[in-house]
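The values are calculated or read from the model by the stated rules, or taken from the named source; none is laboratory data. Here the structure is a predicted model, which is why all the values come from computation and not from measurement. A quick note on method: Cβ atoms are made from the backbone with ideal geometry, for glycine too, and the neighbour counts reach across all protein chains shown. These accessible areas exclude ligands, DNA and RNA; they are computed on the full protein's heavy atoms, side chains included. Shrake-Rupley method; radii C 1.70, N 1.55, O 1.52, S 1.80 Å.
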Amino acid sequence: MALRDGEGPFFGEFGGRYMPESLIAALDELSEAWQAAKLDPEFAGELAALHRTYTGRPSIITEVPRFAAHAGGARIILKREDLNHTGSHKINNVLGQALLVKRLGKTRLIAETGAGQHGVATATAAALFGMSCTIYMGEVDTKRQALNVARMRLLGAEVVPVTNGSRTLKDAINEAFRDWVANVETTHYLLGTVSGPHPFPAMVRDFQKIIGEEARAQVLELTGALPTAVAACVGGGSNAIGIFHAFLDDPSVKLFGFEPGGFGLDSGKHGATLEMGRPGILHGNRTYVLQDEDGQTMESHSISAGLDYPGVGPEHAWLKDLGRATYRAITDDEAMQAFRLLSRTEGIIPAIESAHALAGAIQLGHELGPDAVILVNLSGRGDKDMETAGRYFGVLDEGGAEQ
Amino acid sequence: MSASPVADAIHAAKAAQGGALIGYLPIGFPDLEQSVEAAVALVEAGVDVLELGLPYSDPVMDGPVIQAATQAALVAGFRVKDVFTAVRAVRERVRAPILVMTYWNPVLQYGVERFADDLKAAGGAGLITPDITPDSAADWLAASERAGLDRVFLAAPTSTDERLRLAAAHSRGFVYTVSTMGITGARTDVDAAARTLATRLRAVGADPICVGIGISTPEQVHDVLRYADGAIVGSALVKALADGGVSAVASLAAALARGARDTPSLAD
């Protein structure tokens, strides 16, 4: 069986559907709608038209030689998901699910968000389709991504700061599930990553795999060959699986996922789930989880709100155990240095999430040598991160020069 | 199939007083010792079956009251092994059967077989598992069968008849009838959906059936026992314990038990 054929509920021993009975009917309904939509050319046509006229697909690729000069001279090519409408890859999944929701006849979207990119994309789709929208966001994240909170509210969404647990992405997911249980008749939970119970990991991947499908053809056209390696950042893992998927059955192409290393793996303050976690169940699927001896979920840490998650999509857990993809950690500082380097050498300000993939590409370039071609998923743009970056580098005019 | 201490207790309560009262409290809240005292007080006040919660970091089926209590227990240092200490301590003092309510990951990490053995050895009757369904619980079905433990699965208003049959066939002790679409917490009206769901569960052979979520007053217990075999009260008891300590939770339990006893044994 080709690696690309994984349809869930299980990817090897990972995945599944460990959920309260109250939500099983909604998950079954969603699975059926998705299976039907996959076979329906009208659905594919509608989504493709939206991507062409609204998202701005296909997204371009950009070769970045001045940046690559700092990466051992390997060729580095960026897949520009940052240029999508709303500023990240999240819109790919959101528009797909929103079209399904229209078919299901539901009128309200809820979603979790970490960095706010998925929340903004969901609020955008709700505005576009005339649906009401509630976004759950950890209180910690509403502060570090205040600009995206304002964007969501301008788009007409209600943003609910989540004040329980660690007040970050995992708690926002818990709160979204609680809302869904109570309102499932009218409401769709538009999960933003390749995690959660079946069918989300496979379905969200199917909506994101367009990234790799486009990029594979674009790199072939540019270089005449497949890339040596593909790099992406991994929080829940949707942009990574999106760009990996088209290459899963190209054994010559090495796949690298870069997890948030926070203050370093030894510090205990990181979000490197695949390196430091162990298999368990979180948010409805069996996967690697950062957890203590008792199975209590541990708090993750990352400078990047979008990667600050103690679980990871089950397909990544499977690819790790198979050895098909390699996962490494990038510290906050390594990511921030890459963030600044791309800005200064290429005039492209990446999201801090994506800067983890860029820092990884610098490492890979040195390891793989000047003949290598490295495709990097630039999953989002950095506008939302100006306050964090401004503080980090002391480039704000007032109150930001401490560091 | 092995005998079920929980089903026996519910049937006995039904014969004696019209139905069973099942009371929930989290283990380790406000601390381990007082959670044991509170559980004993529930039984002494007339609760027929205890449901003791295992505090977990990500309780997606729980509302604010239980979330706050279980989070406080975790902050205070709750460990999974405390479950067995608490169950043993309560069972040494009162006879009511004890079900442990737990999300699945802590059991998985402890080891499903080992958890089953240690719970059985402590005198526990079985588990209520809110975030796994029988079709995702092969290892628990096997372990509970081997250890002779009860296993309570949930049935929801949105469940198809096929899924109700699944819950009925695999539950032992009772089927947890989710009264309303939502998470735990007191509600002014226990949903009419509960009565419909109870009827549907009877039709697929579920026995006994107990209704939970949103029940907080003696009147609601009374109403639920007109069509169900047991009524489950959680958040209201936890709130009483949080606000007024063991004596407050004991008085509420006594009032709820009067609600259960006032039920005519022949349902109308």
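Worth a mention:
- Considering only A:Gly347, A:Gly365, A:Ile330, the residue lying farthest towards the positive end of the dipole of region A:307-366 is A:Gly365, judged by Cα position with unit charges set on Cβ.
- B:Thr133 long-range amide H proximity, modeled H, under 5 Å: A:Met19
- Summarised in one figure, the compactness ratio Rg/Rh of chain B, Cα atoms and Kirkwood Rh, is 0.93.
- Considering region B:183-234, its Cα convex hull presents a mean projected area of 3.3 nm².
- Alpha-carbon spread of region B:15-130, three principal axes, descending order, Å: 40, 32, 25
- Residues whose amide H falls under 5 Å from that of A:Glu112, counting only those 5 or more places apart or on a different chain, are A:Tyr136, A:Gly192, with hydrogens built in the peptide plane.
- From phi via Karplus (6.51, -1.76, 1.60), per-residue ³J(HN,Hα) for region A:354-367 in Hz, x at Gly/Pro: 4, 4, 5, 5, 5, 4, x, 5, 4, 4, 4, x, 5, 6
- DSSP beta bridges in chain B [antiparallel fraction, %, rounded to 5]: 5 percent
- Where the Cα pairs of region A:45-86 fall when distances are cut into 5 Å bins, in %: 6, 23, 19, 16, 13, 9, 8, 5, 1
- Over chain A, Cα pairs under 8 Å with separation of 6+ residues give a relative contact order of 21 percent.
- With K and R counted +1 and D and E -1, the other residues having a Cβ less than 11 Å from that of B:Val178 yield a net charge of -2.
- Per residue value of the accessible surface for the protein assembly as shown (all protein chains in place, 1.4 Å probe), Å²: 34 Å²
- The largest-to-smallest principal axis extents of the Cα set in region B:45-108 are 31, 23, 22 Å.
- When the Cα atoms of region B:70-228 are aligned to their principal axes, the ranges along those axes come out at 39, 32, 28 Å in descending order.
- Surface share of carbon and sulfur [accessible, 1.4 angstrom probe, percent] for region B:5-260: 53 percent
- For the residues of B:55-65, the average number of beta carbons from a partner chain within 10 Å of their own beta carbon is 6.
- With 10 Å² as the minimum drop in accessible area between chain alone and full protein complex (1.4 Å probe), the qualifying residues in region A:284-301 are A:Arg286, A:Gln291, A:Glu293, A:Asp294, A:Gly295, A:Gln296, A:Thr297.
- In this structure A:Phe14 has an accessible area near 0 Å², from a 1.4 Å probe over the protein heavy atoms.
- Karplus-derived 3J(HN,Hα) values for region A:377-383, using 6.51 cos²θ - 1.76 cosθ + 1.60 with θ = phi - 60°, are 7, 8, 6, x, 9, x, 3 Hz; glycine and proline are entered as x.
- Taking the Cα atoms of chain A, the ratio Rg/Rh between the radius of gyration and the Kirkwood radius comes to 0.94.
- Per-peptide average of other Cβ atoms within 10 Å, ordering A:59-68, A:240-249, B:19-28 highest first: B:19-28, A:240-249, A:59-68
- Positive dipole terminus of region B:1-52, leading residue within B:Phe29, B:Ala15, B:Val40 (C-beta point charges): B:Ala15
- Relative contact order %, chain B, counting alpha carbon pairs below 8 Å whose residues are six or more apart: 25 percent
- For the protein assembly as shown, DSSP calls about 20 percent of its internal beta bridges antiparallel.
- Accessible area buried, both sides summed, chains B and A with 1.4 Å probe, Å²: 2700 Å²
- Cross-link reach is defined here as a Cα-Cα straight distance under 18 Å, omitting same-chain residues fewer than 8 places apart; for A:Lys102 the lysines meeting it are A:Lys38.
- ³J(HN,Hα) computed for each position of region A:326-338 - Karplus, 6.51 cos²θ - 1.76 cosθ + 1.60, integer Hz, glycine/proline x: 10, 10, 9, 9, 10, 6, 3, 5, 4, 5, 5, 5, 5
- Percentage relative contact order, region B:69-189, counting C-alpha pairs under 8 Å, at least six apart: 20 percent
- Charge dipole (Cα centre; +1 on Lys/Arg Cβ, -1 on Asp/Glu Cβ; no other charges) of chain B amounts to roughly 320 debye.
- Counted by Cβ distance under 14 Å from A:Asp141, the other residues give a net charge of -3, where Lys and Arg count +1 and Asp and Glu count -1.
- The amide H of A:Gly380, built 1.01 Å from its N in the peptide plane, has A:Asp82, A:Ala351, A:Ser354 as neighbours under 5 Å, considering only residues 5 or more places off or on other chains.
- Helical mean residue ellipticity (222 nm; -39500 (n - 2.57) per DSSP H run of 4+; nearest 500) of the protein assembly as shown: -14000 deg cm²/dmol
- A convex hull fitted to the Cα coordinates of region A:250-396 yields 125 cubic angstrom per residue.
- Separation of region A:306-324 and region B:198-249, taken as the distance between their Cα centroids, equals 41 angstrom.
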